[in-house]
1. Considering each residue of the stretch 169-182, count those that are in a loop (DSSP other than H, G, I, E, B) and either in contact with a Pro (Cβ under 8 Å, 6 or more places away or on another chain) or of a type in the set (Gly, Ala, Ser) (or both), and give that number.
2. Taking the stated definitions as given, is Ser365 touching a helix residue (DSSP H, G or I) at 6+ places or on another chain (Cβ under 8 Å) and either among the hydroxyl-bearing types (Ser, Thr, Tyr) or surrounded by 15 or more Cβ atoms within 10 Å (Cβ to Cβ) (or both)?
3. Mind listing whichever residues of the stretch 183-224 are assigned to a loop (DSSP other than H, G, I, E, B), open to solvent by 30 Å² or more (accessible area, probe 1.4 Å) and farther than 24 Å from Ser317 by Cα?
4. Would you point out which residue out of Glu58, Glu63, Glu51 is in the same structural domain as Val149 (by TED's automatic domain parsing) and either touching a strand residue (DSSP E or B) at 6+ places or on another chain (Cβ under 9 Å) or on the phi > 0 side of the Ramachandran plot (or both)?
5. Search the stretch 164-182 for residues being within 16 Å of the ligand (Cβ to nearest atom) and open to solvent by less than 10 Å² (accessible area, probe 1.4 Å), and hand back the single one that is farthest from Tyr381 (Cα to Cα).
6. Could you tell me whether the stretch 17-27 includes any residue that is more than 23 Å from the chain's Cα centre (by Cα) and either among the aromatic types (Phe, Trp, Tyr) or over 25 Å from Asp397 (Cα atoms) (or both)?
7. Can Tyr361 be described as within 16 Å of the ligand (Cβ to nearest atom), at pLDDT 95 or above and either assigned by TED's automatic domain parsing to the domain that holds Leu9 or over 23 Å from Cys164 (Cβ atoms) (or both)?
Amino acid sequence: MSISKQELLNLAAEKEQELINLTSQLIRINSENPNGSQREVIDFVKNYLNEAGIENKEIAADETYPCVLAQMGSDEGFSMIINGHVDVVPAGDISKWKFDPFGGEITETQILGRGTSDMKAGVACTLFAMKLLKETGADLKGNIRLHIVSDEETGGAYGTKWLCEQGYADNAHACLVAEPTSNSTIEIGQKGSNELIIKSYGTPAHGSLGNYKGDNAILKLSKVLEGIGRLHTVKGKYDDSQLEALENSKFIAKNKLDVPGIENVIDRVTANVGIISGGNKLNMVPDYCEARVDIRLPIGVDVAEVEREIKGMIKDSGVSGVEYEVEWKKFGNSTPMDSSIVRTVKKHAEDLWGIKVLPAYQWASSDAAFYRIHGIPTIQYGPSNTEGIHSYNETVDIEDVLNASKIYLLTLCDLLGVQ
Ligand SMILES: [Zn+2]
């Protein structure tokens, strides 16, 4: 007789120290991106999989950023991808940390260090769940495909994006990305980030005659940028089946961010002027200036409407010699609320935590988008303490890690037919 879901759960509880140690071990391997190396952490993952008897291989679009693929189960049936990244953002100024970011210290309630939340704890939970299923010989009516990547923090070009382009995500029925979320949120959609470049052209002159001669490209562009706020009036479009998640998302944004009107960040275009460059010399009237703007598109937005506002902003500024350039590459994306992956994770998370768990859309974006573009229902759910992510003093709660591993395990059991 093959192992039951309950027996697996008991085993996970018995071996919880193993999971805690695994998380700590991953933290102790410095895998900063950029600046660091991914070699050691990738070798560690391969080694772990080998020892667990799980078939795996290393592939790479770029040698600096290797990926590990692993697979278990049968070729037929439900096919489930689990994704995690093992790169971490740099620790930065070490003097701002209260503990060694690469010490992997374990306290009474937490594991400490860079990457605990984003997202080595999540990776540890997935490795641990797969190992348990393997060593107990659970009868899977389908398969698990693990995608471990090492290039998420700098955009994913050599990681998930590449894996999807190469066909490694083909024919999957669901995908779970173990990125950090709050325990009461399942992320089921995101905005898409695009780069708009606004360029202004002027006429050079000697700086000493600036008020009389020449046409200052910096001043022209700054006048145009005064109107950037109008892009934020453009809204996304949602069908009836998306309204509940939209409402959840606004509720979460309001609660988490505590800024008046912040809920609009979810369903409206946002435009952030991130970089501006122009002028060559202090004593010259500049003849060129450009601004690079991060434009985030909500789900269902009409880009023609966004472009109309960009053109209107330039025209209404009254300045001439300004043009823009944009290639819309990333769009808002989402997974239906009633997908099996959303329902299953929600059920187990609610049971284990005893709280209400809300499927919602993110204002940011991540690797999940690449799977959704591929037509795969994809969610993010993972252990985290958000304060330290991409900042100092990153930690994760042990309780969060233990529960996440159980939620993953139960979800895999349900979707892959383990009773
Ligand atoms: Zn991450």
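1. Final tally of qualifying residues: 6.
2. Here the answer is no, as Ser365 does not meet what is asked.
3. We begin by selecting, within the stretch 183-224, every residue assigned to a loop (DSSP other than H, G, I, E, B); these are 183-184, 191, 202, 204-205, 210-214, 216.
In the following step, the residues that additionally are open to solvent by 30 Å² or more (accessible area, probe 1.4 Å) were identified as 183-184, 204, 210-214, 216.
Passing the criteria: Asn183, Ser184.
4. Being in the same structural domain as Val149 (by TED's automatic domain parsing) and either touching a strand residue (DSSP E or B) at 6+ places or on another chain (Cβ under 9 Å) or on the phi > 0 side of the Ramachandran plot (or both) holds for just one of Glu58, Glu63, Glu51, which is Glu58.
5. My answer is Cys175.
6. no
7. In short, no.
Matching residues to (1) farther than 21 Å from Glu195 by Cα; (2) not assigned by TED's automatic domain parsing to the domain that holds Leu225:
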residue	(1), (2)
Glu263	yes, yes
Lys281	yes, no
Glu305	no, no
Ile310	no, no
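The values are calculated or read from the model by the stated rules, or taken from the named source; none is laboratory data. What you see is a predicted model; the values in this text were computed from it and never measured. Don't worry about glycine lacking a Cβ; one is built from the backbone with ideal geometry, like all the others, and counts go over all protein chains shown. We work out accessible area using only protein heavy atoms, side chains counted, and drop any ligands, DNA or RNA first. Shrake-Rupley method; radii C 1.70, N 1.55, O 1.52, S 1.80 Å.
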